[in-house]
Amino acid sequence: MSSMKKSLLAVSLVALLSAGTTAFLLPDATAQSGAQTPADAAASVSSTPEAPLVSGLPDFTRLVERVSPAVVSIETTVGARQTRGQQMPDDAQIPEIFRRFFGPGFEMPGGPRGPGGGDTAPRGRAMGTGFIISADGYLLTNHHVVDGAETVKVRLSDRREFDAKVVGSDAESDVAVLKIEASGLPTLRFGNGASVKPGQWAVAIGSPFGFEQSVTAGIVSAVARSNQYADQRYVPFIQTDVPINQGNSGGPLLNVAGEVIGINSQIFSNSGGYMGVSFAIPIDIAANVAEQIKKTGSVQRGQVGVIVELLTAEKASAVGLSDTRGALVNNVQPGSPAEKAGIEPLDVILSVDGTRINTSSDLPPLIGNKAPGTRVKLSVFREGRTRDVDVTLSQLDESVAGRPGSQAPAAGSPAQSSGNALGMTGRDLDAAQRRQYGLGSDEGVLVANAGRGAAASAGIAPGDVILRVGRTPVASAAALDRALRDLQPGDTVMLLVRGRNGATQYRAVTLAETAER
């Protein structure tokens, strides 16, 4: 073959590949001269399968054959919506962690305006996965798969298609219940969420990138993972290394018995695709949500009425604890069950009904997944001793469940002279500033100057508001000075600070051995 003909052949192969060809035949000139004929090849195939050369590895064939008929593909359409002229966020504006994973062709609702220049966002399409939980057509999937959907279509493993009704959906848990008009359907059985342990095998079935009934497997990496990047504080996620990609959302995570232990929901990714860290909603959480949706159409959660924060080593030492397990209380809602039970800011909640709290993110799911009216026993640490407190949960009020706060108030009355050991300068807040910051008439001192010492090193800055010194509320610059005046070199004080961004948390401030003035 001439060099020109070889070059033309190479160019033609590249063109086929770039055009999307996924397979091609090599020309005869490149085939081996001693290739077998079809008859020879057929004769070389053994009629009896050989024994596997490697044994002891898991084989999920029977599991998949049994459960896959109950796994479905979901396709939704999002209708054209009126927008406010906002632009689609680019990759730099979207957190790279916990990406939602939709299938091919999805267009974000509320994205860029259409070619006509109007304010109507184009129709979009999303794909996900679900699974059947009752023979009469109830299914589970993710809230984000059907959120805002105009139509929802469900395709079974036997290729039958149904229009689905969204019975209800819960953003907090990312669980949705669908219903199709069918009977005699195959179903999946729920496993025991409490029995899921790191190191156990896990299997996922779904439609990544639209490839339906795809099976992947891995192990449970961790349990009770919190999601600090999404507003799902009531879900203690199961973390796995099971390969999950766009389109797997809403599909089942299974144990080796073929029981559902979770709903695949999120991934940790720098690329938008699988990177070895996947997250599933525990099935006991999902089942509770689904049952409430089927009965009432909504989800009710219990609340204690506290806002908690992470207990760091420095803060634990300041309150007298030897380790960082527990949830540090920084706010108690007026009239809440916590206030009635005598819980105060600077208390540390150590357990709920005997279940140990390792970090502050453990508390919301332990409480939120109980029904309002439930009586719970909290183990609370205060000033060197632990006591048990009985609390009857009220219904969660989302308007007060989040962190309080607003933007930093503008400068007001003249700064007061500093008369405290930390060298901080406080300023009284006027009534308008208190309203702007969501404070009562007896709450808060504006930081005019944090000095250059321990307070500044702890992250306190001008514009912050000091609410408490330890357990003592402060409402004036003079009160702040009195509360700090007796602080000695080497002492650590806990200051409850509402930052300029509105977030409230304790700051552990240790006075240097040489007093700061």
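The values are calculated or read from the model by the stated rules, or taken from the named source; none is laboratory data. Keep in mind it's a predicted model, so treat the numbers as computed, not measured. Please note: Cβ atoms are built from the backbone with ideal geometry, for glycine as well, and neighbour counts cover all protein chains shown.
Considering only region 430-449, state which residues are of a type outside the set (Ser, Thr, Tyr) and either in a loop (DSSP other than H, G, I, E, B) or not assigned by TED's automatic domain parsing to the domain that holds residue 482 (or both).
Selection gives 430, 438, 439, 440, 442, 443, 444.
Scan region 359-396 for residues that are among the hydrophobic types (A, V, I, L, M, F, W, C), in contact (Cβ under 8 Å) with a residue 40 or more places away in the chain and in a helix (DSSP H, G or I) and jot them down.
Passing the criteria: 363, 367.
Which of the residues spanning region 131-153 are over 19 Å from the mean Cα position of the chain (by Cα) and under 20 Å from residue 287 (Cβ atoms)?
Once the filter is applied, which keeps residues that are over 19 Å from the mean Cα position of the chain (by Cα) and under 20 Å from residue 287 (Cβ atoms), region 131-153 yields 131, 132, 133, 134, 135, 136, 137, 138, 139.
Output the strands (runs of 3 or more DSSP E) that fall wholly within region 149-246 and possess 3 or more residues being surrounded by fewer than 20 Cβ atoms within 10 Å (Cβ to Cβ) and touching a residue at least 12 places away in the same chain (Cβ under 8 Å), or say none.
Output list reads 151-155, 165-170, 214-225.
Here are some conditions: (1) outside the structural domain of residue 66 (by TED's automatic domain parsing); (2) closer than 20 Å to residue 128 by Cβ. Residue 248 meets all but one. Which one does it not meet?
Exception for residue 248: condition (1).
If you take the residues of region 464-517 that are in a loop (DSSP other than H, G, I, E, B) and among the hydroxyl-bearing types (Ser, Thr, Tyr), which of them is surrounded by the most Cβ atoms within 10 Å (Cβ to Cβ)?
476
Please pick out the residue among 299, 332, 306, 289 that is buried (at least 22 other Cβ atoms within 10 Å of the Cβ), within 15 Å of residue 396 (Cα to Cα) and more than 19 Å from the chain's Cα centre (by Cα).
Every option except 306 fails the conditions.
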